Amino acid sequence: MDKTSSEDRVPSAENASQNDKKKLPWGRIVLVLLLILFLALQLYPVDRSNPEVVADIIAPDNIKAILRRACYDCHSNETKWLWYSYVAPASILVARDVQQGRERLNFSEWGEDYDEEDTPEMFLDECWESIESGEMPLWFYLPLHPEAVLTDEDLDALRTWCGADQLEQEDGGEGADGEDEAAEHDHSQHGQAARKENGSEKNKSEDKK
């Protein structure tokens, strides 16, 4: 029986090198394709324009400062387009969010519909609930914009300005009045039941006599 030589059993260094060369191109091809895709995305047209401010919201300076810091990037015509808004695919997502935000609410056009007197009430109706609940500003916006985080002082200022604190007090007062009325009603029913019981006992006593 012929014995297999060690050269036949062990792949030569030359064969191993050739196998490695056959595997490498696939990884390079994937990287090249990803690079081409990334570069192609940079050509995607993105609207980063800031239209003219038509009628900015009329509000006290402290309220305006809070809104500018936390809301204006998506809800005004004064968006600050930072570096990542110029790099796709982030640029595409940012432009989409700004467009949708302006369509939903645009403080740069607020004054066309509401004057200084109407503004706090309309802010209460249209904005306050989403702010108080923490829905706004959006959670994924905050990591790159820590200055947009609303502090307790910010929330108190907005609450007082838009009248939410008065509304809460009125609701609380109505609730207390309702509880008082319910307690009074229960007390009245209890008194009536007690009187009926006393009357019944009195009648029984007279019958026995």
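Within segment 90-105, identify whether any single residue is assigned to a loop (DSSP other than H, G, I, E, B), out of contact with any Pro (no Cβ under 8 Å at 6 or more places or on another chain) and within 18 Å of residue 158 (Cβ to Cβ), and answer yes or no. Yes; the residues of segment 90-105 include at least one that is assigned to a loop (DSSP other than H, G, I, E, B), out of contact with any Pro (no Cβ under 8 Å at 6 or more places or on another chain) and within 18 Å of residue 158 (Cβ to Cβ). Restricting to segment 115-153, and then to whatever is within 18 Å of residue 61 (Cβ to Cβ) and without any contact (Cβ under 8 Å) to a residue 12 or more places away in the chain, can you tell me which residue is nearest to the chain's Cα centre (by Cα)? Among residues in segment 115-153 that are within 18 Å of residue 61 (Cβ to Cβ) and without any contact (Cβ under 8 Å) to a residue 12 or more places away in the chain, the one nearest to the chain's Cα centre (by Cα) is 151. The set of residues in segment 26-52 being modelled with pLDDT under 90 and surrounded by fewer than 10 Cβ atoms within 10 Å (Cβ to Cβ) consists of 26, 27, 28.
The values are calculated or read from the model by the stated rules, or taken from the named source; none is laboratory data. Here the structure is a predicted model, which is why all the values come from computation and not from measurement. Note that we place each Cβ from the backbone using ideal geometry, even for glycine, and neighbour counts take in every protein chain shown.
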